[in-house]
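Here the structure comes first, spelled out in structure tokens, and everything after it is commentary.
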Amino acid sequence: MKSSQENINRELEIIKNSLEQFKEGASLDDLKRATGLITEPRTLQRRLDKLQELGVVTTSGKTRATLYYLVQAQAEQKGEVVEEQGEDLIPLSNQGREIRKLVMQPVARRRPVGYNIDFLTSYRPNVDSYLTSDDKRKLTELGNTATLNQPAGTYAREILQRLLIDLSWNSSRLEGNTYSLLDTQRLVSQGQIADNKTAAEAQMILNHKDAIEFIVQTADEIGFNRYTLTNLHALLSNNLLPDPAASGRLRTHGVGISHSVFTPLGIPQQIEEMFELVLEKARGIEDPFEQAFFIMVQIPYLQPFDDVNKRVSRLASNIPLNRLNLAPLAFVDVPDDIYFQGLLGVYELNRIELYKDVFMWAYERSALRYAALRQSLGEPDPFRLKYREAIRELITEIISNAMQQKEAMAIIQQKATTLPEKDQAKFTEAVETELLSLHDGNFARYRVRPLEFKQWKDVWGK
């Protein structure tokens, strides 16, 4: 009779052999079918975690969107392509590339580390700075709006409906949420839950909506204080934590970080002390962009809450921007893999350069989306230029046939499947973004008559 360890080794070998047929990565469901193992999903997950520790398997994406690869196969089939695509999308500094290379190593090759208190305590507001003077100057130029001298939150209230959709969708997407942009629009604007999506995904997006409204509507009352951050967490984690009482409460136990060798603080008194120090230092920072980035670095690093820490940091980064009526940070087009790699650089190396590369690029994308002079400030999007005709033909077809949202989503997905796999998600987003941006003053570029446009608008939200 085989020992328990022998059975485990046999299962590990079966999983490894099965992964060889998935050059583009395999989901848990793919592997369950391919291996033929009669095992619980939790057990299969443990076997995959073990293979990651051994440096045999690596992953991309998070939660439901996680794909598993053999390390060798990924290097041969995808590694260089991913590197080139990432660098084409987000220009990385030399330090950023170095950090990315280090954190992309298998977990077994990275040195386990704990929370470094000095990383926070040594930071001196307005003396030390994560952002350079040139960084701040560039961000200020991008973020300036026509409402700088108006009451706090004026600009965000003017674009609130668009911001609710953009920020809810992009922040949720970074957590592995599979709602599309149109799904999100229907949920946020009309309360319609998408078919074939989980209740948790809908809850996550609706929680973002509530949290964004909290930030915008109370702009003159909130700041980097305990009240704001704990209530922001309560809104974002509502109905998503195993213990409902954990919403808005600081963590009282140890936690781990998936796919990382970093272990956050586990002593409640220290968590409390460091949380108050993060807020104190954030309040002392004069530059709004340095404040925003500081909170994006230090909140996830501390992990003060049971879960949902990254979401808190992303929305809290908008507090100083909103207060001064600067363009918001909506994380438009930010790839989840590079975003997480930037955080791994903070967690495991206490280095912020890769994360800063992501932050700078993300703010530029968001600011240009909301700027009144967007076309004069920004270069044409090469992707949209590449698929210009395909996007135009598809939108013309949707309007001309007065399609409702569900019908339109189906035809968009069908068209996307005819494109190279690496372009499919971005093509879908590009079409959905154009549809959500259509109004009486810009529909002519799709060569539809006013009556056709009116008939389409009449049924679009139904």
Self-check item: Heavy-atom accessible surface of the chain: percent carbon and sulfur, 1.4 Å
Solution: 49
Quiz item: In 10 Å bins starting at 0, how do the alpha-carbon pair distances of the chain split up by percent?
Solution: 4, 18, 29, 28, 15, 5, 1, 0
Self-check item: Ordering of 108-120, 40-52 by burial proxy (mean other Cβ atoms within 10 Å per residue, highest first)
Solution: 40-52, 108-120
Self-check item: Centroid-to-centroid separation of the stretch 394-462 and the stretch 156-217 [C-alpha atoms, Å]
Solution: 20
Quiz prompt | Residue (of THR43, LEU343, ASN322) at the positive-pole extreme of the chain, dipole from beta-carbon charges | solution = THR43
Quiz item: So what is the accessible area of the chain per residue, in Å², with the probe set to 1.4 Å?
Solution: 47
Quiz item: Picking from GLN52, THR154, ALA425, whose Cα lies most toward the positive end of the charge dipole for the chain (charges on Cβ: Lys, Arg +1; Asp, Glu -1)?
Solution: ALA425
Practice problem: Could you size up the charge dipole of the stretch 94-377 around its Cα centre, putting +1 on the beta carbon of Lys and Arg and -1 on that of Asp and Glu, and report it in debye to the nearest 20? | Solution: 460
Quiz item: Could the peptides 299-307, 185-193, 440-448 be put in order, highest first, of the mean number of other beta-carbon atoms found within 10 Å of their residues?
Solution: 299-307, 185-193, 440-448
Quiz item: Let a ≥ b ≥ c be the square roots of the eigenvalues of the Cα gyration tensor of the stretch 246-358; is it rounded (a/c under 1.5), or, if not, prolate (a/b larger than b/c) or oblate?
Solution: oblate
Quiz item: Over 20 Å between Cα atoms, which of LYS197/LYS310; LYS386/LYS422; LYS209/LYS281 qualify?
Solution: LYS197/LYS310; LYS209/LYS281
Quiz item: What residue among GLY256, GLY191, LEU174 has its Cα farthest toward the positive end of the dipole of the chain, where the charges are +1 on Lys, Arg and -1 on Asp, Glu, each on the Cβ?
Solution: GLY191
Practice problem: Add +1 for every Lys or Arg and -1 for every Asp or Glu among the other residues with Cβ under 12 Å from the Cβ of GLU276, and state the total. | Solution: 0
Quiz prompt | DSSP beta bridge pairing in the chain, given as percent antiparallel to the nearest 5 | solution = 60
Practice problem: Can you tell me which of 413-425, 330-342, 162-174, 246-258 comes out highest on packing, and rank the rest after it, using the mean Cβ neighbours within 10 Å? | Solution: 162-174, 330-342, 246-258, 413-425
Self-check item: Whether the stretch 102-177 is rounded, prolate or oblate, judged on the alpha carbon gyration tensor where a/c under 1.5 counts as rounded
Solution: oblate
Quiz prompt | Local electrostatic count at ALA156 - Lys and Arg +1, Asp and Glu -1, tallied over other residues with Cβ under 13 Å | solution = -1
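The values are calculated or read from the model by the stated rules, or taken from the named source; none is laboratory data. As the structure is a prediction and not an experimental result, all values here were calculated from the model. We place every Cβ from the backbone using ideal geometry, glycine too, and count neighbours over all the protein chains shown. The area values use the complete protein model at the heavy-atom level, side chains included, leaving out ligands, DNA and RNA. Shrake-Rupley method; radii C 1.70, N 1.55, O 1.52, S 1.80 Å.
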